[in-house]
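Notes follow once the structure below has been shown.
Nothing in this text is a laboratory measurement; each read-out follows from the coordinates by a stated rule. Every value quoted in this text rests on a predicted model; they were computed, and no experiment measured them. Cβ placement follows ideal geometry from the backbone for every residue including glycine, while neighbour counts extend to all protein chains displayed.
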């Protein structure tokens, strides 16, 4: 619980926690095996702003401070741009682009497919 920064809620039953805190507990369970790679599928789905902030900060800390590589699927591009060092964009199962957040944000194909701008 300390590793995922919710030790103040350790005395509560998981089912009583908010959706976001339950997702953080799931990450904590995965971390108990001391992985070098963490796979996350839409880690912020269904979360409010505060919970999303907590999860994104946790993911950044796991990588920057604890050295854990994180591979995640996420459709919210603001979250992706705020966390990822490298981004691979898929469109209908085909790789559309790969690069840094800046490269992806300025890629015409990505803009057309995901960011609502004409290519």
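Laid out as a table, the results:
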| read-out | value |
| --- | --- |
| Packing-based order for 32-38, 105-111, using average beta carbon neighbours within 10 Å, highest first | 105-111, 32-38 |
| Peptide ranges 49-59, 89-99 listed from the most packed, as the mean C-beta count within 10 angstrom indicates | 49-59, 89-99 |
| Alpha-carbon centroid distance for the pair the stretch 12-56 / the stretch 80-119, whole angstrom | 25 |
| Dimensions in Å of the stretch 17-119 - Rg and Dmax from alpha carbons | 14.6, 45 |
